[in-house]
1. Using modelled backbone amide H atoms (1.01 Å from N, in-plane), which distant-in-sequence or interchain residues come within less than 5 Å of Gly78's amide H?
2. What is the extension gain from Ala346 to Asp63, computed as 0.36 nm multiplied by their sequence separation minus the C-alpha to C-alpha distance, in nm to one decimal?
3. What relative contact order, as a whole-number percentage, does the chain give when Cα pairs under 8 Å and 6 or more residues apart are counted?
4. Please give, to one decimal in nm, the separation of the simple spin-label points placed at Val303 and His449, each 7 Å out from Cα toward the Cβ.
5. Looking only at Cα atoms, what is the convex hull volume of the chain per residue, in Å³?
6. Normalised by the number of residues in region 1-110, what is the relative contact order in percent for Cα pairs under 8 Å and 6+ residues apart?
7. Describe numerically, in nm with one decimal, the distance between label points set 7 Å from Cα along Cα→Cβ at Ala144 and at Leu76.
8. Which ³J(HN,Hα) values in Hz, rounded to whole numbers, follow from the phi angles of region 313-320 under the Karplus curve 6.51 cos²θ - 1.76 cosθ + 1.60, where θ = phi - 60° and Gly and Pro get x?
Amino acid sequence: HKMGGDCLNYGCVPSKALIRSAKLAHQMRHGARYGLHDTEPVLSFRAVMQRVRDVIRDIEPHDSVERYTGLGVEVLQGHARLVDPWTVEIALNGGGTQRLTARSIVLATGARPFVPPLPGIEQVDCVTSDTLWDRFAALDHPPARLVVLGGGPIGCELAQAFARLGSQVTLVEMAPRLLLREDEDVSAFALKTLQGDGVQVRTGQRALRCERNGEEDGGTQWLVVDNAGREERIAFDHLICAVGRVARLEGFGLTELGIPTGRVIETNEYLQTIYPHIYVVGDAAGPYQLTHVAAHQAWYAAVNALFGEWRRFKVDYRVIPWTTFIDPEVARVGLNEQEAREHGLAFEITRFDIGELDRAIADSEASGFVKVLTEPGKDRILGVTIVGAHAGELLAEYVLAMKHGLGLNKVLGTIHTYPTLAEANKYAAGTWKRAHAPQGLLRWVQRYHDWKR
């Protein structure tokens, strides 16, 4: 389909453009925080959605056919499948077919939104993170009543953004809390944040079916949920299905060649399938559905394909960062508390409250925290979770430190510009240092200075 794939056209780029517009609307409504008047924004939803398309258009050249052709890449557009381990057949979009043989082949087929087989879902106005951009671009106003099915990162981001743009949003999550992969305090923070923006959050409730009344009743649409054994109906104008994504595995000839698949295409630690010259990257390979992980894997696949007969590299998943772009953001790298406990690892927790940070106070963004897990008695970083404004940006310092084996002492010894949000990282390191101060040495130093006086 489109160059740039899901991230450019349906995922990271359009969602962040929408989130930025929604944040500005939110700031206008709360202008008194900045010494201004609270002002209800005059919202043109069509203009907001046009801005989303404009952002995509401005980034498209980075992933365009022209750019890659200029780099020496031959770009063919069509549907491809493996006809044997060394041959790819392409049904070209312009008509006809073409066959290519290759010494190495990389499968980067991506993923698609999963739509659960709820009875009646095909009869209601249901969109996914892929289809909502075109569907909603035709609307003059944001959906009046919006149900978001799924409390993971995509569901939380979209629920908050549309609530800030004026929709009445209900988020339904079957699990007992939002952002289930994060620690409980992070989930609680996300819940409070979304509720503060007017999102009605229903956790621990399972979607049962969708219903649609006839036009004589206004064509009302309903999501029926199981709430503690009792059926309840939630009316909506549009339903966003955000319960997860599944790898694209069909239509590429994998079954015919006996390439094993499960949730993803099975590979070894070098990203090779059962055919050593066929590699897989991105969502089709797992284990992370993240654009930057796909790029990370692409380096390994390319180098192994080109030079594997001399040296191969095992893909490295030790330090993988990710961010959920609700406002304030949730960013993480490495282990969190619940994962460390699941693995039976010993750890210490150091926590710094961003509410104490000068720049955060000046920006009226004084909420959130930095939480660092370290080895007991050592400054080696096992994982970091940051909740707060620009958390995804702040995380980069810890990603670098973990990647190159730098501990909290190194972070503490690094000069950070005042006043910046990045000082939160240094203060977190300082909190750890105070908890591990050499008390015996300090008592000796105190006696020495007493004697000097």
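1. Sorted by chain and number, the residues that satisfy this are Asn93.
2. On the way: separation 283, 0.36 × 283 = 101.88 nm, distance 4.42 nm.
Result: 97.5 nm gained on full extension.
3. Values: 808 pairs, mean separation 53.3, N = 453.
Averaging sequence separation for qualifying contacts and normalising by length gives 12 percent for the chain.
4. About 4.9 nm separates the two model spin labels.
5. On the way: hull volume 97.5 nm³, N = 453.
Given the Cα convex hull of the chain, per-residue volume reads 215 Å³.
6. Numbers: 98 pairs, mean separation 22.3, N = 110.
Dividing the mean separation by the residue count of region 1-110 yields 20 percent.
7. 5.2
8. Per-residue couplings from phi come out as 10, 6, 5, 9, 10, 5, 10, 10 Hz.
The values are calculated or read from the model by the stated rules, or taken from the named source; none is laboratory data. Please read these numbers as outputs of a predicted model, since none were measured by experiment. Note that each Cβ is placed from the backbone with ideal geometry, even for glycine, and that neighbours are counted across all protein chains shown. These area figures cover heavy atoms from the full protein model, side chains too; ligands, DNA and RNA do not enter into them. Shrake-Rupley method; radii C 1.70, N 1.55, O 1.52, S 1.80 Å.
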